[in-house]
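Here's the structure, in structure tokens; my notes come after.
The values are calculated or read from the model by the stated rules, or taken from the named source; none is laboratory data. Model, not experiment: these values are computed from the prediction. Heads up, the Cβs are rebuilt from the backbone with ideal geometry, glycines too, and the neighbour counts pull from every protein chain shown. Note: areas computed on protein heavy atoms with side chains; ligands, DNA, RNA excluded. Shrake-Rupley method; radii C 1.70, N 1.55, O 1.52, S 1.80 Å.
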Amino acid sequence: PRGKVLGGSSSINAMVYTRGHADDYNDWERMGNAGWGYAGVLPYFRRAENNERGADDFHGTGGPLNVADVRSGLDAASRAFIDSAAATGVRRNADFNGAAQEGVGFYQVTMKDGVRCSAARAYLSLAARRPNLVVLTKANAVRLAMDGRRCHGVEALVHGRLRRLRARREVLVAAGTFGSPQLLLLSGIGPAEELRRHGIALRHELAGVGRGLRDHIDYIVGSTSPRRDVL
């Protein structure tokens, strides 16, 4: 599923607040992406957060994104699962965004007062009244508008009609994990052979676009019980 709604997939996902492993960021920096190591990005994570547990070395307060402990799903079956894992030697972990990710426990979630705190609620609601912001709904970006290798805007289907939106300064591609590389590929930015195979004119050969994508595996077990204290 794709988050084709204000807030993107943060408006449809399970609200789990997890940043990823520190080693992944450090690998990016080792590959030449200065500033993308975990020490470089951690201050931005902390600034974004309003963690209801309070601030510490890994978490912040006062940010737009509310992070809270889960309020539902703390049933006997879930606790028994965690206890069983701990009994086999798996360490208990109360904070998967803290010093270590390995372990078993309950995630924190992006929620406020029992209601989802999506990116739209956290950020867009604060900026909605700004005169320099225009939000277009029922719109789908189809390609970047290019002059040679310079991007000056985006072409989008808005309510079924093709429009070209021109940028005065810069274009930020933020169409999601799948949408961003798809948009680049449709614009002629990517592996030359793959673009040629689909009849897309090459504008800039960039071998890594659309490669190396990974999804996470999620298993949901549904069950019923006559005992209210179990489920």
Failed item in (1) open to solvent by 30 Å² or more (accessible area, probe 1.4 Å); (2) among the hydrophobic types (A, V, I, L, M, F, W, C); (3) within 24 Å of residue 22 (Cα to Cα), with residue 81 passing the rest: (3)
Selection status of residue 164, open to solvent by 50 Å² or more (accessible area, probe 1.4 Å) and part of a loop (DSSP other than H, G, I, E, B): no
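Residues to consider are 103, 60; find the one that is at pLDDT 95 or above, surrounded by 15 or more Cβ atoms within 10 Å (Cβ to Cβ), in contact with a Pro (Cβ under 9 Å, 6 or more places away or on another chain) and over 23 Å from residue 8 (Cα atoms).
Values: 103 fails: in contact with a Pro (Cβ under 9 Å, 6 or more places away or on another chain).
Only one candidate qualifies: 60.
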Number of positions in the stretch 12-51 that are polar (S, T, N, Q), out of contact with any His (no Cβ under 9 Å at 6 or more places or on another chain), under 17 Å from residue 112 (Cα atoms) and modelled with pLDDT of 95 or more: 1
Residue 141 vs. criteria over 30 Å from residue 51 (Cβ atoms), touching a Lys or Arg at 6+ places or on another chain (Cβ under 7 Å), buried (at least 16 other Cβ atoms within 10 Å of the Cβ) and touching a residue at least 12 places away in the same chain (Cβ under 8 Å): no
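In the stretch 88-147, how many residues are among the charged types (D, E, K, R) and assigned to a strand (DSSP E or B)?
Of the residues in that region, 5 qualify.
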Residue selected from the stretch 174-196 under the condition part of a loop (DSSP other than H, G, I, E, B) and either open to solvent by less than 40 Å² (accessible area, probe 1.4 Å) or at pLDDT 95 or above (or both), by the criterion nearest to residue 134 (Cα to Cα): 187
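Anything in the stretch 84-97 that is surrounded by 11 or more Cβ atoms within 10 Å (Cβ to Cβ) and more than 30 Å from residue 39 (Cβ to Cβ)? List them, or say none. Even if it seems obvious, please write down each step before you answer.
First, the residues of the stretch 84-97 that are surrounded by 11 or more Cβ atoms within 10 Å (Cβ to Cβ): 84-86, 90-97.
Of everything in the stretch 84-97, those that are surrounded by 11 or more Cβ atoms within 10 Å (Cβ to Cβ) and more than 30 Å from residue 39 (Cβ to Cβ) turn out to be 84, 85, 86.
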